[in-house]
Amino acid sequence: MQWTKHNEQTVYSNRWFSVNLADVELPDGRHLDHFLIRLRPVAVATVVNEANEVLLLWRHRFITDSWGWELAAGVVEDGEDIARAAARELEEETGWRPGPLRHLMSVEPSNGLTDARHHVYWADEGEYVGHPVDDFESDRREWVPLKLVPDMVARGEVPAANMAAALLLLHHLRLGQDVLP
């Protein structure tokens, strides 16, 4: 069953996102107004070191009033290469410059409401270049053993679904273990 969008108009817009209203036709011929949020792509990155520790940020999200572990992430600027944006965000938020980045996954975190795409990259080496420029992004930055990731996710310490998915995939790739409970 496929829905058909007949038109879409912007209700509000700024440099970060736009809120649009679409006229959508359902398979049975009924029409409905559907709000959607159009967002810029997000680049995400981390480093996993030789000890199989992953570089994470402990941060508060005021929107949900929750604390949790996350990977460095941010908006891709116009014309910016996504992998370069991921490397930039990692360095700005952690003070670590990644080695060659590898694409891990791309996800749509809320595709019933937004067109957001988060592109996750990782490196197996990095260089500490100094205190993070954007240290206001997190309370602290830590190297966390990948073997702890499934339990952290299960306890709700990684509340963002995109971050949990990326960390569980890294756990599986690096440690070769099933991640089912």
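The values are calculated or read from the model by the stated rules, or taken from the named source; none is laboratory data. Note that this is a predicted model, so its numbers are computed, not measured. For neighbour counting, all protein chains shown are included, and Cβ atoms are generated from backbone atoms with ideal geometry for every residue, glycine included. What goes into the accessible areas is simple: the full protein's heavy atoms, side chains included, and nothing from ligands, DNA or RNA. Shrake-Rupley method; radii C 1.70, N 1.55, O 1.52, S 1.80 Å.
Just a few scattered comments:
- Pairs, first over 20 Å from Gly95 (Cα atoms) in region 65-85, second of a type in the set (Asp, Glu) and open to solvent by 30 Å² or more (accessible area, probe 1.4 Å), C-beta under 9 Å, six or more apart: Trp67/Asp139; Trp67/Glu157
- On the stretch given as region 1-53, residues that are in a strand (DSSP E or B) and aromatic (Phe, Trp, Tyr) total 3.
- Long-range neighbours under 9 Å by Cβ, at least six apart or interchain, first residue within 21 Å of Pro41 (Cβ to Cβ) within region 1-22, second loosely packed, with under 11 Cβ neighbours inside 10 Å and among the aromatic types (Phe, Trp, Tyr): Ser18/Tyr12; Val19/Tyr12; Val19/Phe35; Asn20/Tyr12; Asn20/Phe35; Ala22/Phe35
- Within region 18-56, the residues that satisfy the criterion of being touching a Lys or Arg at 6+ places or on another chain (Cβ under 6 Å) and either open to solvent by 30 Å² or more (accessible area, probe 1.4 Å) or among the small types (Gly, Ala, Ser) (or both) are Ser18, Ala22, Pro41, Asn52.
- Checking each residue in region 97-134 for being touching a residue at least 40 places away in the same chain (Cβ under 8 Å), touching a Gly at 6+ places or on another chain (Cβ under 9 Å) and of a type in the set (D, E, K, R) picks out Asp124, Glu125, Asp134.
- Residue-level analysis places Glu77 among those that are under 28 Å from Leu104 (Cα atoms) and under 16 Å from the mean Cα position of the chain (by Cα).
- For region 45-57, the criterion of a residue being touching a Ser or Thr at 6+ places or on another chain (Cβ under 9 Å) and of a type in the set (Ser, Thr, Tyr) is satisfied by at least one position.
- Residue within region 59-67 that is open to solvent by 20 Å² or more (accessible area, probe 1.4 Å), in contact with a Ser or Thr (Cβ under 9 Å, 6 or more places away or on another chain) and of a type outside the set (Asp, Glu) present: yes
- Restricting the search to helices (runs of 4 or more DSSP H) fully inside region 73-181 and requiring at least 1 residues that are open to solvent by 20 Å² or more (accessible area, probe 1.4 Å) and closer than 27 Å to Val19 by Cα gives 82-94, 161-175.
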